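The next block holds one structure in the form of structure tokens; read it before the comments.
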Amino acid sequence: MAEVRITGLHKRYGAFHAVRGIDLDIRDGEFTVLVGPSGCGKSTLLRTIAGLEESSEGTIEIGGEVVNDFRPRDRDVAMVFQDYALYPHMSVAKNIGFGLKARKMPKPEVEARVAEAARMLGITPLLGRFPRQLSGGQRQRVAIGRAIVRNPRIFLFDEPLSNLDAQLRDEMRGEIKRLHQAIATTMIYVTHDQIEAMTLADRIVLMRDGVIEQQGTPLDLFERPGSTFVAGFLGSPRMSFLPGTLTLGGSAAAIRLADVLLPVAPGRKLNGATDGQKVLLGLRPEHLTRAHAARPAQGTFRYDATIDLLQPTGSRSYATFRLAGAPVMAELQAHDVSRPGERLPIDINMNRASIFDVKTERAI
Amino acid sequence: MPVVARARRRKRRSVPIGRILLLGFFLVFVLWPLYWMFNTSIKPSDDYLTVPPVWFPTAPTLVHYKAALFAYRGLDGLINSLIISLSATVLSALFGTLMAYSLARYNTGGQHLSFWVLSQRFLPPIGIVLPVFLIYRGVGLYDTHIGLIIAYTVFTLPVSVWMMFAYFRGMPKSMEEAALVDGCTRWEAFWRVAVPLAAPGIVAAAVFAFIACWTEFFFALILTSRTAFTLPTVFRAFIGFQGAQYGEAAALAIVSLVPSIALGVLAQRHLVRGLTLGAVRG
Amino acid sequence: MQHTATISRMKAAGAPPRLSAFAQWADRHFKWLLVAPAVLLILALSIYPLLFSMVVSFINYDFQVPGHAFVGVKNYERVVFDPVARWSLVLTACLSGLSVAIEFVLGLLVALTMVRSFPGRGVIMSILIVPLFISPVIVGQAWTLLLQRPFGPTNYILTQLLGQEVTIGWMTESPWLYVSLIIADVWQWTPFMFVILLAGLTAISPNLYEAAELDSVNAWQAFWAITVPHLGPMMLLALTFRLLDAIRMFDTIFIMTGGGPGTQTYTASYYLYTVGFTQFHLSQATAGSWLFLIFTALVVMLLVRRLLKAEPV
């Protein structure tokens, strides 16, 4: 049980600057997911918290104590690795008890704890086996068992699910979430998978090129992305970006996309925006629905679309059409649309739309 | 694909007579000296000069083995060789593994240190052995077991280090990292996780170190005389006697080559790594 | 985390016990402690002797001449102007060059016959590598048994095969004694080439050859177009390693010819050995060994640099 505070953290490998100035506060018991494309420094950050990498600059505090000079063993954290890193020459029981043995814990207590951890994870029958005799999911459980048996101050996960097949991945994701709900220990989880990030996190820390691009609750990041990068990274299918011009003149603000003028939702703040500013309008597929009501709702813009491309998934159909020349995807009910070429009235929910500056790619 | 199938069939059809002949010739070439040596070792001395030679001894005898081992002190050489080779092997594998781990995991000394060790492998022994001889005489290590054990340890170290270096490089390091996070010191992560996992590599490195020591002649010739002499140096006794002791020489040779060949063939899987200092994976 | 199992938090195990001051120190300097024994041993028994021999090569250190006076480059002069020394260097180059060339060709041929698997391949493999595990002294002894006149059966076999009396002094007559030395070396070290080249050959994807066959390329063309370029780094590696060992040639000569007749089979190592240990001109021998070392270093630099550039597979 501990909070983590990272201040001004840098990590350089020779000329390569992997982590460039990270400030991050993680509350006690919080599930934090570090997410970002490969090479963004998220794994390096995690390994620096574990003590497996030395920081080049900055401090790491765990439970109010600066641990920069602590060995990994003295930090009282546990880590689950991408390849599970089970000790192949030890049985499952020995694997789980290894950390306790390193703490010189008396044998009977080690055995009791191992048995308890195995019971919780449902792997009691496997205790006598060796890692090579286990399936991927079972190895994953053993790796988690190795962590919970110690009840460390922090759990660190380094892409723990990426070696599993899709179905098992969904299952284990749920179990990790359940684990966190039950024991409420601080967890820091690295992944490149935005779905894992969205489903698991209390807080997402989205990283790019060694810095934090944006952090907040999953819904925060999803609904109010701070940049086109965040908006594009979270959500599948991706957000559509439409280039246009902001017009502030007159009574209401609007965005002009070629020949179409979309009014900005009333009451939406446009901080620092200027008239004639080049912007990108960001629309997620679920911001666009088929119009059923006679009149569009407040903040909604109706457009007659001709469907170019239709991708049915069963429950929903993703329909692509052109809005002022740029492709936009809408998420429709399966029965809303039947074939490409169809003309439909589409309601665009401008209340939820994002607006970004073209040059800085920052949200307005 | 029919074309491929036809090509394959054509390959099968042409009986590789040339290949069989070449391989057969080479096999005979390899086996013939070994057979002749064995033949000589069990042949009575009277059969040496017959024309035609005795291809299969009709009255095999062990008399040469007895003479080689006792009259020519072959047994003493054998025991010395065992003591010296085994000790040097243990030290070489131990120190080699320690150093290789540090080079592979901590990149100690950068490239310079590892290449410095490698360069030792290519020093001509004659350049080293002269001064070592003078130093050994000065400090009383000349003709001692310990002296030769140290010399052999150093002379097999480059191979041990490089073989194990390649082995550790090929091993994922996450298990050692897991051990560190689990509460181990670096030494414990090395000793309790890395070493057990590298055991096959260590055994292979040890086998090649042992064979190198067991077959070594030059250092032994110069650094030992009547006390710590090893098996290969016993063959000096048979030089220039124009055949009178061929049975003994052959018998001693047979005794000496059995252990190293047995070990070598057992460690065959690692042979390529051993010969190329880990540069090529087998 | 079986759905029925309740998960609850265990008592915290905490951090492991604190390390003693010594353990902390050892953990901090772990990487240097690991290399220390090996480095110290090499320093003591390789670097220190080399420096020591550097000193010896410039002073008088001769069991027949008392005193250790500084003599400048006199020891080096003695070696350089000794015709036997020069002869031994030429012979070393010729013998090692020729042996390695034969071993390479023969090793490659045998490797080519062994690439594809066939019944008995494993056993044949085990037999072919046997010479690598035998002391060169014993190899010399084995060939002595075969070649030495009048006991060895070789002349008898040749007489029967050729149908005329063969009486070659394999260990005494030039050029046959060179042939004998080369045969012994080839016997012992062809497997070295064979093993490395075979490893290289098996690493080449068979798809390449199948593609070549589809393009109706014949075996000879495929060898030059596919095998040679892919095997290049491996060939260089095998040649480099072997050549650097071949120029040390000593053991078989010691057993088979004793450097004789006269000084006809003196290699560099054998020459330096006789100067140092039968004539006891130790400072002259160290001077010579330094020259030989420099000569070797040149070869190493030349070959190893190319090797590193080629990056073996």
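Bear in mind that the values in this text are calculations on the coordinates, not laboratory data. Remember, it's a predicted structure, so these values are computed and weren't measured experimentally. When we count neighbours, we look across all protein chains shown, and the Cβ atoms used for this are built from the backbone with ideal geometry, even at glycine.
Would you please give the FRET efficiency between C:Val228 and B:Arg19, computed as 1/(1 + (r/R0)^6) with r the Cβ-Cβ distance and R0 = 25 Å, to the nearest 0.05?
Once the sixth-power term is evaluated, E becomes 0.85.
What shape does the stretch C:76-309 take by its C-alpha gyration tensor, where a ≥ b ≥ c are the square roots of the eigenvalues and a/c under 1.5 counts as rounded, a/b above b/c as prolate, and the rest as oblate?
oblate
Mean Kyte-Doolittle hydropathy of -1.0 or higher plus an axial Cα length of 24 Å or more: which whole DSSP H helices in chain B meet both? Mind showing how you got there, number by number?
Values: long enough: B:17-41 (35 Å, 1.53); B:74-106 (46 Å, 1.19); B:145-169 (34 Å, 1.36); B:195-215 (29 Å, 1.95); B:246-266 (30 Å, 1.76).
Membrane-span-like by this rule: B:17-41, B:74-106, B:145-169, B:195-215, B:246-266.
What ranking do A:Lys42, A:Lys11 get, fewest neighbouring Cβ atoms within 10 angstrom at the top?
Details: A:Lys42 29, A:Lys11 22.
Ranking A:Lys42, A:Lys11 by Cβ neighbours within 10 Å, fewest first, gives A:Lys11, A:Lys42.
Give, rounded to the nearest 20 debye, the magnitude of the charge dipole that the stretch A:240-357 has about its Cα centre when Lys and Arg contribute +1 at Cβ and Asp and Glu contribute -1 at Cβ. Present the calculation step by step, with values, prior to reporting the outcome.
Working: 13 positive and 10 negative charges, 33 e Å.
So the magnitude is around 160 debye.
If R0 is 45 Å, what FRET efficiency do you get for C:Met301 and A:Asp193 from their C-beta distance, rounded to 0.05?
Values: r = 51 Å, r/R0 = 1.13.
FRET efficiency, C:Met301 to A:Asp193: 0.30.
Which one of A:Ala265, A:Ala115, A:Ala334 has the biggest mean-square fluctuation once chain A is modelled by GNM with Cα springs under 10 Å?
With Cα springs under 10 Å in chain A, the top fluctuation among A:Ala265, A:Ala115, A:Ala334 is at A:Ala334.
Compute the long axis of helix A:166-183 from its Cα atoms, compare it with the longest principal axis of the Cα atoms of chain A, and write down the angle in degrees, 0 to 90, nearest 10.
Value to nearest ten degrees: 70.
Starting from the Cα-Cα distance between B:Trp187 and B:Val63, subtract it from 0.36 nm times their residue separation and give me the gain in nm to one decimal.
That pair, B:Trp187 and B:Val63, stretches by 39.2 nm at full extension.
Using a Gaussian network model of chain A whose springs link C-alpha atoms within less than 10 Å, name the residue from A:Pro72, A:Pro160, A:Pro225 with the highest mean-square fluctuation.
Taking springs between Cα atoms under 10 Å, the residue moving most is A:Pro72.
Taking Cα centroids, how far is the stretch C:1-42 from the stretch C:147-167 in Å?
Between the Cα centre of the stretch C:1-42 and that of the stretch C:147-167, the gap is 70 Å.
How high is the FRET efficiency between C:Val84 and C:Arg116 when r is their beta carbon distance and R₀ equals 56 Å, given to the nearest 0.05?
That gives a FRET efficiency of 0.65.
Label-point separation (nm) for C:Tyr48 and B:Met171, each offset 7 Å from Cα along Cα-to-Cβ?
My value for the distance between the label points is 3.1 nm.
What helices does chain C hold that run 20 Å or longer along their axis, going by alpha-carbon atoms, with a Kyte-Doolittle average of -1.0 or more, using DSSP H for the helix calls?
Span-like helices, by this rule, are C:83-114, C:176-203, C:228-246, C:282-310.
Please get the size of the charge dipole for the stretch A:4-233, origin at its Cα centre, with Cβ charges of +1 on Lys and Arg and -1 on Asp and Glu, quoted in debye to the nearest 20.
1000
Find the relative contact order for the stretch B:65-275 and round it to a whole percent, using C-alpha pairs within less than 8 Å whose residues are 6+ positions apart.
The normalised contact order for the stretch B:65-275 reaches 36 percent.
In whole angstrom, note down how far apart the Cα centers of the stretch A:126-180 and the stretch C:88-125 are.
52
For A:Thr245 and A:Thr306 in the same chain, what is the full-extension length gain: residue separation times 0.36 nm, less their Cα-Cα distance, in nm?
19.6 nm
Rank B:Ala71, B:Ala250, B:Ala104 by mean-square fluctuation in a GNM of chain B with C-alpha springs under 10 angstrom and give only the top-ranked residue.
B:Ala71
Could you tell me the distance between the Cα centroids of the stretch B:52-123 and the stretch B:187-249, to the nearest Å?
2
Can you find, among C:Leu303, B:Ala179, A:Val35, the residue farthest towards the positive end of the dipole of the protein assembly as shown? Put +1 on the C-beta of Lys and Arg, -1 on that of Asp and Glu.
Farthest along the dipole direction, towards plus: A:Val35.
Roughly how tilted is helix A:136-148, in degrees to the nearest 10 and between 0 and 90, from the longest Cα axis of chain A?
70
Can you list the lysines whose alpha carbon sits under 29 Å from that of A:Lys269, skipping same-chain ones fewer than 8 residues off?
Hits, sequence-local ones excluded: A:Lys278, A:Lys359.
Quick one: if you stick a label point 7 Å off each Cα along the C-beta vector at A:His10 and C:Val105, how many nm between them?
Those two pseudo-labels are separated by 6.3 nm.
Quick check: residue separation of C:Ala93 and C:Ile127 times 0.36 nm, minus the Cα distance between them. What number comes out in nm?
9.2 nm
Round to the nearest 10 and give me the degree value, 0 to 90, for the angle of helix A:107-121's Cα axis relative to the longest principal axis of chain A.
Once rounded, one gets 30 degrees.
Please label the shape of chain B as rounded, prolate or oblate, based on the square roots a ≥ b ≥ c of the eigenvalues of the alpha-carbon gyration tensor (a/c under 1.5 means rounded; beyond that, a/b larger than b/c means prolate, else oblate).
oblate
Please state the charge dipole magnitude for chain B, taken about the Cα centre, from unit charges on C-beta atoms (+1 on K and R, -1 on D and E), reported in debye and rounded to the nearest 20.
On the way: 23 positive and 10 negative charges, 339 e Å.
So the dipole magnitude of chain B works out to roughly 1620 debye.
Taking A:Lys107 as the anchor, which lysines have their alpha carbon closer than 23 Å to its alpha carbon, excluding any fewer than eight residues away along the same chain?
Those lysines meeting the cut-off are A:Lys94, C:Lys11.
Using a ≥ b ≥ c from the Cα gyration tensor of the protein assembly as shown (square roots of the eigenvalues), is it rounded, prolate or oblate, where a/c under 1.5 gives rounded and otherwise the larger of a/b and b/c decides, a/b for prolate?
Cα axes put the protein assembly as shown in the prolate bin.
Label C:Ala203 and C:Thr167 with points 7 Å out from Cα along Cα→Cβ: what is the distance between them in nm?
My value for the distance between the label points is 5.4 nm.
Setting aside same-chain residues fewer than 8 positions from B:Lys43, which lysines have a Cα under 19 Å from its Cα?
B:Lys66
Quick one: Karplus J couplings for the stretch A:73-82, per residue in order, coefficients 6.51, -1.76, 1.60, θ = phi - 60°, nearest Hz, x for Gly and Pro?
5, 8, 8, 6, 10, 10, 9, 10, 8, 4
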